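Trainee: The following block contains the structure, expressed as structure tokens.
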Amino acid sequence: MHQLTLRMKWIMWIAAMCPAFLSAQSSSTEEPSHPVNWITIEEALERCKTAPRKIMIDVYTSWCGPCKMLSKNTFADDEVSAFLNERFYCVKFNAESADTVRFDGKVFTNPGYDPAATGRNSVHEFTRFVGVSAYPTILFLDEQGKFLLPVSGYRTPPQIEIYLKLVADEHYKSITTTEEWQAWSAQFTPAWQ
């Protein structure tokens, strides 16, 4: 009788936990309802000629854990991705790729790229040109392709919201000192969870 009671409790516990487990599993693997529309830097600059927007560049590497978290947790968030698609042209750039990049009248390549390499590879010339040495780094550019600001490191949706709105709503234009940034960021309340 005691074994039957323990077995019944075990079955009831599994039955009770199964929906919660399945729900947690499905939410972590679901695709966002508004995936970010990633394009190249050249495409972003071309689109800016007829429909100006700010440009956001996610500079990442294939081996970078925080880069993967940024893609999975932040850019896959529905509020973040919907905002990005509405207000920015978004570029995902592998800092160690073999891609050719045309930017600001120059051509950038990765002459040291080794296709047989696993893990780290040679740093792309464009990565050096934009001054990125930590991954992930998000670069914000204006509608003419001029650099506005970098944001290095992993950010959750509420943590990245302040930077996206700072740039998209052009608050950066009125912030010229550390004190002004501190005052503005202190009054900012994230809406995204």
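Trainee: For segment 149-164, does any single residue satisfy the condition of being loosely packed, with under 12 Cβ neighbours inside 10 Å and not hydroxyl-bearing (Ser, Thr, Tyr)?
Mentor: no
Trainee: Checking GLU46 against (1) more than 18 Å from the chain's Cα centre (by Cα); (2) in contact (Cβ under 8 Å) with a residue 40 or more places away in the chain, which single condition isn't satisfied?
Mentor: Going through the list (1) more than 18 Å from the chain's Cα centre (by Cα); (2) in contact (Cβ under 8 Å) with a residue 40 or more places away in the chain, GLU46 breaks only (2).
Trainee: Let me ask something additional. Could you check how many residues of segment 133-148 are loosely packed, with under 13 Cβ neighbours inside 10 Å, closer than 16 Å to THR61 by Cβ and modelled with pLDDT of 95 or more?
Mentor: 1
Trainee: State whether one or more residues within segment 77-92 are in a loop (DSSP other than H, G, I, E, B), touching a residue at least 12 places away in the same chain (Cβ under 8 Å) and not β-branched (Val, Ile, Thr).
Mentor: yes
Trainee: When you scan segment 134-156, how many residues do you find that are touching a strand residue (DSSP E or B) at 6+ places or on another chain (Cβ under 9 Å) and assigned to a loop (DSSP other than H, G, I, E, B)?
Mentor: 8
Trainee: Can you tell me which residues in segment 118-132 are surrounded by 12 or more Cβ atoms within 10 Å (Cβ to Cβ) and assigned to a loop (DSSP other than H, G, I, E, B)?
Mentor: Across segment 118-132, the qualifying residues are ARG120, ASN121, SER122, VAL123, HIS124, VAL130, VAL132.
Trainee: Turning to a different aspect of this structure: Could you run through segment 45-67 and say how many residues are in a loop (DSSP other than H, G, I, E, B) and within 21 Å of SER97 (Cβ to Cβ)?
Mentor: Matching residues across segment 45-67 total 4.
The values are calculated or read from the model by the stated rules, or taken from the named source; none is laboratory data. In this text, all values refer to a predicted model and were calculated from it rather than measured experimentally. Glycine gets a Cβ as well: all are built from the backbone with ideal geometry, and neighbour counts include every protein chain shown.
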